[in-house]
Amino acid sequence: MRLGATVIEILKSFEQAASRFHPAVLMAPGVALMVLGLVAWLGGMYLRRLTLAVAGAVAGGLVGLLVSGTNPSVAGAAAAGGAVFGAFLPRLAPAVLLAALGMAVVFAATTPAPAAAAPRMLFGKPNLGHTQERLTIRQSLDVMQSYTLDLTDYVKAAARPLKTAALAILAAAGLVLLVVGLCLKRLAGAVVAATLGTGLILAGMIALLILKGSTPIALMQQRGALYGLVLLGMAAAGTLEQLVLCPAPRRPEDETRESRGRQKEPGRQWRNR
């Protein structure tokens, strides 16, 4: 079994636990993720620096979690560094984020699941008892922290035994996407914005559906091919929409030429009188 398939099983286990979370733990983040995702999906290229800052914060936060477990200071510092990188290096950030996204997909799709860590992940969830009472906010956050720690440990366990060939494949995928992103900066930015928006919308919808008593992750697994095509289509539509409707950022040399042209216009108008 590949790593990505086992992660889905872990998320299904989390889904069952999350059905008893305090409503505020699911509703507030769910609505916020939906709104932020729609903004990124519809106009991420228009709000380019903000979108790249959010994408950089998400990527940096995930890296921080993988490195430190659930240490909030390290994860927060990594997210802040990613946000600064995305906001202040808008020409380089899309290529780097695109490369990181491609490497993550290749890693999840090709890496075998570590069998030794699977029992802890699937059966080591917190003891929620046999009642159906809602958990408090604190208890809900503790369950989330436990699952996050288990998930990060599981991913790290899968990455440790990677051989040179697997690392070379990951590096090649990242390098190819980095070069593509540097050559096609506008396309890379649109892909990053649309993918970010699609992911945030999906996460927000899952949180709200779990709050309503549904099991969206289990349903998506049953029809994985269909929902995968829907998500890919949504990301592609967002990319196309932003390339067509969102204006390209103006270059400094274009602004300089325009200002020089405006300076020459009064003289031309005076001579034409």
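Structure summary
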| item | result |
| --- | --- |
| Looking only at segment 114-151, and only at residues there that are of a type in the set (Ser, Thr, Tyr) and surrounded by fewer than 16 Cβ atoms within 10 Å (Cβ to Cβ), the one that is modelled with the highest pLDDT | Thr136 |
| Hey, Gly60 part of a helix (DSSP H, G or I), crowded, with 22+ Cβ neighbours inside 10 Å and at negative phi or not | yes |
| Within segment 205-264, considering residues that are of a type in the set (A, V, I, L, M, F, W, C), more than 30 Å from Ala5 (Cα to Cα) and surrounded by 10 or more Cβ atoms within 10 Å (Cβ to Cβ), the one modelled with the highest pLDDT | Leu243 |
| Flag for Gly204 being in a helix (DSSP H, G or I), within 25 Å of Gly44 (Cα to Cα) and within 16 Å of the chain's Cα centre (by Cα) | yes |
| Options Leu89, Leu11, Leu47: the member that is touching a residue at least 40 places away in the same chain (Cβ under 8 Å) and either at negative phi or among the aromatic types (Phe, Trp, Tyr) (or both) | Leu11 |
| Lone qualifier among Ala55, Ala75 - being touching a Leu at 6+ places or on another chain (Cβ under 8 Å), hydrophobic (A, V, I, L, M, F, W, C), assigned to a helix (DSSP H, G or I) and without any contact (Cβ under 8 Å) to a residue 40 or more places away in the chain | Ala75 |
| Among (1) surrounded by fewer than 21 Cβ atoms within 10 Å (Cβ to Cβ); (2) closer than 13 Å to Leu196 by Cβ; (3) within 14 Å of the chain's Cα centre (by Cα), the one test that Leu42 misses | (3) |
| So Ala188, is it aliphatic (A, V, I, L, M), part of a helix (DSSP H, G or I) and closer than 22 Å to Val58 by Cα | yes |
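For (1) within 19 Å of Gln145 (Cβ to Cβ); (2) aromatic (Phe, Trp, Tyr); (3) touching a Phe, Trp or Tyr at 6+ places or on another chain (Cβ under 6 Å), each residue gets a yes or a no:
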site	(1), (2), (3)
Gly56	no, no, yes
Gly61	yes, no, no
Leu66	yes, no, no
Ser73	yes, no, no
Pro90	no, no, no
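Per-residue answers, yes or no, for (1) farther than 21 Å from Phe107 by Cβ; (2) in contact with a Pro (Cβ under 8 Å, 6 or more places away or on another chain); (3) assigned to a helix (DSSP H, G or I):
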site	(1), (2), (3)
Pro29	yes, no, yes
Ala32	yes, no, yes
Leu36	yes, no, yes
Trp41	yes, no, yes
Tyr46	yes, yes, no
Leu66	no, no, yes
Ala80	yes, no, yes
Gly86	yes, no, yes
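The values are calculated or read from the model by the stated rules, or taken from the named source; none is laboratory data. Remember, predicted model here, so these are calculated numbers, not experimental data. Neighbour counts are summed over all protein chains in view; Cβ atoms, including those assigned to glycine, are modelled from backbone coordinates with ideal geometry.
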